[in-house]
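Inspection log for the structure reproduced underneath, given as structure tokens.
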Amino acid sequence: MLQIYDDQHRRIAGIDDPDDLKIEKTLSSGDKQISFSYPKTGSEIENLRAEYYIRTKDDEYVLKEINTGENKNSYVAQLNIEELESQEFLYGFESVTQTARACLEFAFDGTGWTVGICTVTKRRTVSIDETCNAWDVLQEVMDTYRCECKIDNIQKRIDLYEAIGMDRGAYFIEGLNLRKLTLKSDTYDFYTRIYPVGKDGITPEIMLGVPYIDNHQYSDKVIPRYWKDERYTITENLIEDATAKLDTASKPYTAYTADVADLASQKKEYSILEYDIGDTVHLISKTEATKEKQRIVKMTEYPQHPDKNTCELSNVTKSFAQLQEETEEKMKSDAVDQAQARTKKTLNEGYWTIEQAQAAIKSSESGIMTSVQQVRTEQRDLTYAAEQEAKDYASQLNEKTIERMTNEYSTALNQTANSFDMSIKSVEETVTSQGDELEEFRRENETYFHYTDDGMEIGKKQDGGVLPFSTLLSDKRLEFRQEGIPVAYVQYNKLHIENVEAVRRWSVGAADDGGYFDFISTQYGMGVKWREAEQVEETATQSAKRQKRKQEYRQLIDDDGIFEVVKV
């Protein structure tokens, strides 16, 4: 039975047996859709209006589409998520290194929706730059955390799982419940090597020794793919997600469409064949020479005619078209991020690049020259007007007076013109001088300081633009480079470096512990020597710390004389 609610959520009618009832479920988004037909002469035809609500025993839908026919109308309704779609974030949304639960609770705040079961514990960063809503955040969370959801829109609750469904032992087999099977397989998005890059250029190299990850489960070909996502600030997380991404991409994408007779819903003795969205089933087809396990990624159910049910099965939860669309969107997002980063840097730090400085000088010169031309034009106009005025007035005077006044006006106008020319030359000389000074400053600055989207790099540039040794300072870490390649960096109170060479002594300890162990080089090899710290009056805090350390560590008793002390 379908219950009908008006746009104020008041129950107004019910339909016992709608025609052509169909329910579609999608694994990748958790979304559902319902469609049905109803006679044009039916008693409830006036209550089936767009934006009214349709409720089944499990879900509530919003009536979105009405198509009229000769004898009956067809209707399409989508899962009711209005509160999530109405929760808009005008300037984008960001959750930095949080759990999926924390991220969604923050996004759902004020909507009435909650996060119920959540088996996903990893921490990730979700960042959406454009205007979005809480439903968009949910979809981004499932993509970023590689998880799936169940939606209970009657209780307004979202449950998150690493993967929904189970392996019940169900099977689709020709001659029993599998009527027809079609197969689609492609390798358009196939690759066996991935080069992942995260925030500030982090790669797997510091942990794996190489900047890439391989997976040759299907082919020994080396087909590389570059993947950059600046939401990753932790190397372990980058490696984990890149490995999972490669596991899917390093084998052909395979999808099946199966016409299945739902025998379990018709007869109890076939309960072993029961299945649901996300379940893993055994697929057996002699026609297609197929015998393997696949997940149900989409279901189309006909509650009144379960023998018409269909399923889509795949070894991944997303189609090639979806992956291609997401790749394009990611490329657009990266371009927007880079553009925004440049804008923020220019606005916040007030630094002009060489091109910007040259453009500013050129613009200033153009503006000054325009002003100069205007002054010259005004000077010519003034000269012409004065001469005309002098001629008109002179026509009333005798020749001697005319000659005298003309000479006076000419002298005055020549002085004015000379004054204008001197002013113009002074402006031009000032522009040229400022341009030379700025160019000299640019050359000196460019030799030692280099500004990029990554931060400020300090080092003396050699011929050819090479920096033999340099230091990169960003808002995340301090990096030491050799010919542009990071050899060490300091980040989050840790120093990361591949090789350490202590020429004379390496000390470990603290004055609070009474001294230091000095690792030193001797003629016998490496030696360890205890060096007592200078005795000073101990504070209460230092005493408490020392007592705590004593409880954490036990003294080594060398009864068997294994260790030998050599005095050096």
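The values are calculated or read from the model by the stated rules, or taken from the named source; none is laboratory data. These numbers come from a predicted model, not from an experiment. As a convention, Cβ positions derive from the backbone with ideal geometry for all residues, glycine included, and neighbour counts pool all protein chains shown. The protein model used for the area step is the full one, side chains on, heavy atoms only, and it has no ligands, DNA or RNA in it. Shrake-Rupley method; radii C 1.70, N 1.55, O 1.52, S 1.80 Å.
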inquiry  = List the residues, sorted by chain then number, that are 5 or more residues from Asp19 or on another chain and whose placed amide H is less than 5 Å from its amide H.
reply    = Ser37
inquiry  = Which residue, Pro204, Val222, Ile239, has the largest displacement toward the positive end of the dipole of region 188-241 when charges sit on each Cβ (Lys, Arg +1; Asp, Glu -1)?
reply    = Val222
Share of pairwise Cα separations in region 93-152, more than 13 Å, in percent = 57 percent
ask   = Based on the mean of other beta carbon atoms within 10 Å per residue, what is the order of 74-80, 498-504, 515-521, 10-16, most packed first?
value = 74-80, 515-521, 10-16, 498-504
Dipole magnitude of region 457-508, debye to nearest 20 (Cβ charges: Lys/Arg +1, Asp/Glu -1, about Cα centre) = 240 debye
remark   = With a ≥ b ≥ c from the Cα gyration tensor eigenvalues, square-rooted, and the rule rounded for a/c under 1.5, otherwise prolate when a/b > b/c and oblate otherwise, region 139-255 is oblate
query = Given H placed 1.01 Å from N in the peptide plane, which residues other than close sequence neighbours of Ala510 have an amide H under 5 Å from its amide H?
reply = Gly515
ask   = Which entries in Lys25/Lys57; Lys184/Lys286; Lys267/Lys308; Lys32/Lys180; Lys184/Lys228 show an alpha-carbon gap greater than 22 Å?
value = Lys32/Lys180; Lys184/Lys228
remark   = Listed by chain and number, the residues whose amide H is under 5 Å from that of Tyr61, excluding neighbours fewer than 5 places away on the same chain and using placed H, are Ile54, Arg55, Thr56, Asn80
query = Per-residue HN-Hα couplings for region 495-503, Karplus 6.51 cos²θ - 1.76 cosθ + 1.60 at θ = phi - 60°, whole Hz, x for Gly and Pro?
reply = 9, 9, 8, 7, 10, 10, 10, 8, 6
request  = Starting from the Cα-Cα distance between Gln78 and Ser521, subtract it from 0.36 nm times their residue separation and give me the gain in nm to one decimal.
outcome  = 152.0 nm
ask   = Rounded, prolate or oblate: which one fits region 1-97, using the alpha carbon gyration tensor with axes a ≥ b ≥ c (rounded when a/c is under 1.5, else prolate when a/b beats b/c, else oblate)?
value = prolate
query = So what does Trp530 come to for accessible area, using a 1.4 Å probe and Å² rounded to 10?
reply = 110 Å²
inquiry  = Just to confirm a number: summing +1 for Lys and Arg and -1 for Asp and Glu over residues other than Phe469 whose beta-carbon lies under 10 angstrom from that of Phe469, what do you get?
reply    = +1
request  = Kindly write out, for region 132-147 in residue order, the coupling ³J(HN,Hα) from the Karplus curve 6.51 cos²θ - 1.76 cosθ + 1.60 (θ = phi - 60°), rounded to whole Hz, with x marking Gly and Pro.
outcome  = 8, 10, 5, 5, 4, 5, 4, 5, 5, 5, 5, 6, 6, 8, 6, 10
